[in-house]
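This report concerns only the one structure given below.
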Amino acid sequence: MDMLASLLHMTPAIFWMVVKVVIVFSAIMLLASVWTWVERRGSAMIQDRIGPNRAAIFGKIRIIGLAQLLADGIKFFFKEDLVPEEANKGLFWLAPFLAFVPALIGFAVIPFGKSFVSGGVTYYLSVLDPGNGMGLLYPLAIGGMAVYGVLLAAWSSNNKWSILGGMRAAAAMVSYEIGMSLAVVTIFMTTGGYDPAEVIRAQGHLPWAWNIVHQPLGFIVFFTCMFAETNRLPFDFAEGESEIVAGFNTEYGSMKFSLLALAEYSHLMTASALVATLYFGGWQVPFVQNPTVMLSVASFLLKMLFFAWVFVWIRWTLPRFRYDQLMHLGWKVMLPLSMANLVFHAWRMSQGH
Amino acid sequence: MGVIVKKVELGWLDRTYVWPVMKGMAITFGHFIRNLFTTTAKRYTIQYPDMKKEIPAGYRGLHELKRFEDGAIKCVACYMCQEACPARCISIEAEEFSDLNITQGFEEKRPAKFSIDMLRCIYCGMCEEACPKDAIWLRNDYEVAAYDRLSMKYGKWDLMNTYAEADGKDRITEDTTPTVPRRTIVM
Ligand code: SF4
Ligand code: SF4
């Protein structure tokens, strides 16, 4: 690794950083685009359909519909890029990026595997090394930024349906952010720190010591709020295609639309990684005290992809909530529940558990 | 008619959302698993160009103008179908012809032109019902499409040959001179 770094005229530290950034972010983007396929095929199976299976490379290689990804990408590239006449052009262009980037970079602090020592240097498997001072506050804050992209996309396209969708997204965001934060705060409190590495270490390798067992209520609140945050069914008020055409992305087409879609799936990946880290022991392998690095990465990926699948699964199980139900659930159920969760754990800690 | 709306009282378990959601997820997962282990050919979807639906008897698809065994057209140009057609898409021009071997002079009638505008046709089957000679049938071909409007206008020879391949008959492109008097032919 040092040799490679010196070949590229970089210090090993920077080289390692670049490698991590490239691998992590391209992996997430790849997973996100694959997840569009998983979503379509999975939903098809759930609904007794078949789903996209006809796209083929050279008219032959169908690879169970995966060629559809390529077909979609090529189609999006060659579509006409329309911008509405009355739209705020600058923001209209900027919005997909503002939706996409926060969805992606929230992943930066999450450790996706066990750290390892090589040549006297400890390599951490997370883009930002632990002890960076931001910890899990960072993905939460960045996650809050994601709604900005949606709102901006809605606002700049100067369309009534879009703005309705954007406003709904913003309102949903506000009502769910608090409950989610309180659920996370409970974890910080029981852990005694907010660094993801610390949260993972505190959970240990035994499944019954994970936060899901200690704080099932917190998990339910957090997971539900993640649905609202990633704007997915049953809380996809920003889109609401049966009510407000297609909501915030009504006016979007071609690559800009695909970027918005990719943002949604990247956000989903980040959200599932968060859930796995906070409640399911991150890269810890159940019942294995000292897993190898590869095993820990595999374990993390498995957990993350499982939750990403649950996101898809729930989407095709539940209908969309009504807007007032969303508000009711957010303010009158989720918030008090997470508050109760916090108070309960504070009491337990005061009792010396 | 009045409908009595039954209000369902939800128990506390249902009102937590969590339990009903899990039940729903169990159902969808059951479907997922079942479909995961069924080959695509066995699922409900009929993958159209590769697989085709079984067309029931009496289906009203593309028309056929029937012919006698010797290839002569059965239609006698009585205009009944044209009158019956609610979409007004049939247009017929009649002509006289002579089956010289049997009778002398022109005394039989048949369409010189017979056209159906398939873009207008609603496949109601009225023409079939109106026809006194059973000369026009609606059969099982539903793949009626073309790249331009003109080719959706089926003429007499198109209509005579619509099912020629399916039935293994020859395509005919001109009226045969009948050899037997029409009324003696059994259908
Ligand atoms: S099927 Fe109906 S609409 Fe079509 S030609 Fe016959 S009578 Fe006319
Ligand atoms: S198809 Fe039948 S109804 Fe129509 S003109 Fe010919 S004989 Fe008469």
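Listed by first and then second residue, the pairs with beta-carbon distance under 6 Å, at least 6 apart or on different chains, first residue in region B:9-21 and among the hydrophobic types (A, V, I, L, M, F, W, C), second open to solvent by 80 Å² or more (accessible area, probe 1.4 Å), are B:13/B:19. Entry remark, region B:36-60: residues being at the interface with chain A (Cβ under 7 Å from one of its Cβ atoms) and of a type in the set (Phe, Trp, Tyr) number 1 in total. List every residue pair whose Cβ atoms sit under 9 Å apart, with the two residues 6 or more apart in sequence or on different chains, where the first one lies in region A:211-224 and is open to solvent by 30 Å² or more (accessible area, probe 1.4 Å) and the second, anywhere, is among the acidic types (Asp, Glu). No pair meets every condition.
When residue B:113 is tested against (1) in a strand (DSSP E or B); (2) within 11 Å of ligand 2 (Cβ to nearest atom), exactly one condition is not met: (2). Checking each residue in region B:11-35 for being open to solvent by 80 Å² or more (accessible area, probe 1.4 Å) and either at the interface with chain A (Cβ under 7 Å from one of its Cβ atoms) or at pLDDT below 80 (or both) picks out B:15, B:17.
Checked against (1) open to solvent by 20 Å² or more (accessible area, probe 1.4 Å); (2) within 12 Å of ligand 1 (Cβ to nearest atom); (3) touching a residue at least 40 places away in the same chain (Cβ under 8 Å), residue B:132 meets all criteria but (2).
Any idea which of B:143, B:96 is part of a strand (DSSP E or B) and either within 14 Å of chain A (Cβ to nearest Cβ) or more than 12 Å from ligand 2 (Cβ to nearest atom) (or both)? Break it down into steps so the answer makes sense when it comes.
Working: B:143 fails: part of a strand (DSSP E or B).
After ruling out the rest, the residue left standing is B:96.
Every condition in (1) within 20 Å of residue B:163 (Cβ to Cβ); (2) within 16 Å of ligand 1 (Cβ to nearest atom); (3) out of contact with any Pro (no Cβ under 6 Å at 6 or more places or on another chain) holds for residue B:75 except the one numbered (3).
Within 16 Å of ligand 2 (Cβ to nearest atom) and either buried (at least 17 other Cβ atoms within 10 Å of the Cβ) or not in a helix (DSSP H, G or I) (or both), is that true of residue B:82?
Values: within 16 Å of ligand 2 (Cβ to nearest atom): yes; either buried (at least 17 other Cβ atoms within 10 Å of the Cβ) or not in a helix (DSSP H, G or I) (or both): yes.
Answer is yes for this residue.
Every residue, every condition in (1) more than 30 Å from residue A:322 (Cα to Cα); (2) open to solvent by less than 20 Å² (accessible area, probe 1.4 Å); (3) at pLDDT 80 or above, yes or no:
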site: A:113; (1), (2), (3): yes, yes, no
site: A:124; (1), (2), (3): yes, no, no
site: A:145; (1), (2), (3): no, no, yes
site: A:164; (1), (2), (3): no, no, yes
site: A:174; (1), (2), (3): no, no, yes
site: A:185; (1), (2), (3): no, no, yes
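The values are calculated or read from the model by the stated rules, or taken from the named source; none is laboratory data. What you see is a predicted model; the values in this text were computed from it and never measured. Note that each Cβ is placed from the backbone with ideal geometry, even for glycine, and that neighbours are counted across all protein chains shown. These area figures cover heavy atoms from the full protein model, side chains too; ligands, DNA and RNA do not enter into them. Shrake-Rupley method; radii C 1.70, N 1.55, O 1.52, S 1.80 Å.
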